[in-house]
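The values are calculated or read from the model by the stated rules, or taken from the named source; none is laboratory data. Not measured: the values here are computed from a predicted model. Quick reminder, even Gly has a Cβ in these numbers, built from the backbone with ideal geometry, and neighbours come from all protein chains shown.
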Amino acid sequence: MSPTIKGFFNASISGITFGLIPLFAVPVLATGMHSTSVLIYRYAFGCLAMLGMLMFHRTRMWIAFGDFLRKLFLSAVYAVSSITLIEGYNYMASGIATTLLFSYPVWTCLLSVVFLHEKLSATTAISIAIAFIGVFFLSGILDGGSSMKGLTGLFLLLASGFLYAVYMVAFPRMRIRKMPSLKLTFFIFFFAMLILTLYGTFTQGRIDPIETNSQLINLFLLGLLPTAISNVTLIISLKQISSTMAAVLGVFEPMTAMCVGILLFGEPLTLPIVVGFVLIIAAVLILVLSKRKTG
């Protein structure tokens, strides 16, 4: 199997498992646990799973100071992206929220054009326009639900997508990309957990405890599937294919989240939602086809 095919496979697995975030996070949020606490436990369980694998492979955990600073930067970006996403679940249906997060391939292209001086082709410009039209349909305006709450959710989720794009663009251009994927992912989430713990302590004064077996199971699975597995496969894929290709193959992410929201949580499926979903998916597919032709 060629590295490119492996990259496609790993990016697809990453997207599917990442799309399972609402399946485990929404039930815990419904019990009253604060979103910051949910994320802290998510990263804690994810780190435990990865630490077990690192110990099994007897991986050396020492890192240079320069690499520590690079990991700290990526961790901070990832932590803020995560908290804006999970806060967005309090304002919008989880399927719509995850689909809006999927705006990150568009942000990835824009960042590449502005900061990496990549050429803005007509196809890319059309894709960006289609994606923003899709965001308009998902915003709730056409359903008569464009309240301040909805606009807040829209802002949070677009911000989450932008920050995730920063992560996707920055990582492949850092020296730490050559580090073993599992070790790198562990440190990114470990530092993200510490950042969120400090944030939660100063803003809430405490971290919410796990009180029920249901919370424990959901948080453990949240840490394992859409955290450890999703991000290890993502980092592996970024070493095999371009960041834009990896971002686009995350198309399975909103599809999975939308199915979870509709089938398990009874979230609405209106015509504007369908149109917005299709437009965003179409936009990223146009992007990947254009990159394939030019690359």
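Summary of computed values
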{"item": "Filter result (touching a Gly at 6+ places or on another chain (Cβ under 9 Å), over 13 Å from Gly46 (Cα atoms) and among the aliphatic types (A, V, I, L, M)) within the range 203-225", "result": "Ile207"}
{"item": "Verdict on Gly261 being part of a helix (DSSP H, G or I), over 14 Å from the mean Cα position of the chain (by Cα) and either closer than 15 Å to Leu20 by Cα or without any contact (Cβ under 8 Å) to a residue 24 or more places away in the chain (or both)", "result": "yes"}
{"item": "Residue check, Ile195 aliphatic (A, V, I, L, M), crowded, with 16+ Cβ neighbours inside 10 Å and closer than 21 Å to Val77 by Cα", "result": "yes"}
{"item": "Those residues of the range 205-263 which are of a type in the set (Ser, Thr, Tyr) and farther than 21 Å from Ala11 by Cβ, in sequence order", "result": "Thr212, Ser214"}
{"item": "Some residue of the range 99-109 being among the β-branched types (Val, Ile, Thr) and closer than 18 Å to Tyr167 by Cβ", "result": "yes"}
{"item": "Restricting the range 64-92 to residues that are in a loop (DSSP other than H, G, I, E, B) and among the hydroxyl-bearing types (Ser, Thr, Tyr), the residue that is surrounded by the fewest Cβ atoms within 10 Å (Cβ to Cβ)", "result": "Tyr91"}
{"item": "Test set (1) surrounded by 21 or more Cβ atoms within 10 Å (Cβ to Cβ); (2) modelled with pLDDT under 85; (3) farther than 18 Å from Ile21 by Cβ - Arg173 fails condition number", "result": "(1)"}
{"item": "Yes/no for Phe252 being surrounded by fewer than 20 Cβ atoms within 10 Å (Cβ to Cβ) and in a helix (DSSP H, G or I)", "result": "yes"}
{"item": "Selection count where residues are farther than 14 Å from Trp107 by Cβ and among the charged types (D, E, K, R), scope the range 118-141", "result": "1"}
{"item": "Those residues of the range 171-185 which are part of a helix (DSSP H, G or I) and either in contact with a Cys (Cβ under 6 Å, 6 or more places away or on another chain) or under 14 Å from Leu69 (Cα atoms) (or both), in sequence order", "result": "Phe171, Arg175, Ile176, Arg177, Leu184"}
{"item": "One residue from Ile241, Ile207, Ile217, Ile236 being part of a helix (DSSP H, G or I), more than 17 Å from the chain's Cα centre (by Cα) and not charged (D, E, K, R)", "result": "Ile217"}
{"item": "Options Met50, Met61; residue that is closer than 21 Å to Val232 by Cβ, part of a loop (DSSP other than H, G, I, E, B) and not hydroxyl-bearing (Ser, Thr, Tyr)", "result": "Met61"}
{"item": "Count of the range 139-170 residues which are at pLDDT below 85 and assigned to a helix (DSSP H, G or I)", "result": "5"}
{"item": "Lone unmet requirement of (1) within 30 Å of His57 (Cβ to Cβ); (2) buried (at least 23 other Cβ atoms within 10 Å of the Cβ); (3) at pLDDT below 90; (4) not aliphatic (A, V, I, L, M) for Phe186", "result": "(3)"}
{"item": "The range 113-128, residues that are touching a residue at least 60 places away in the same chain (Cβ under 8 Å) and assigned to a helix (DSSP H, G or I)", "result": "Thr123, Thr124, Ile126, Ser127, Ile128"}
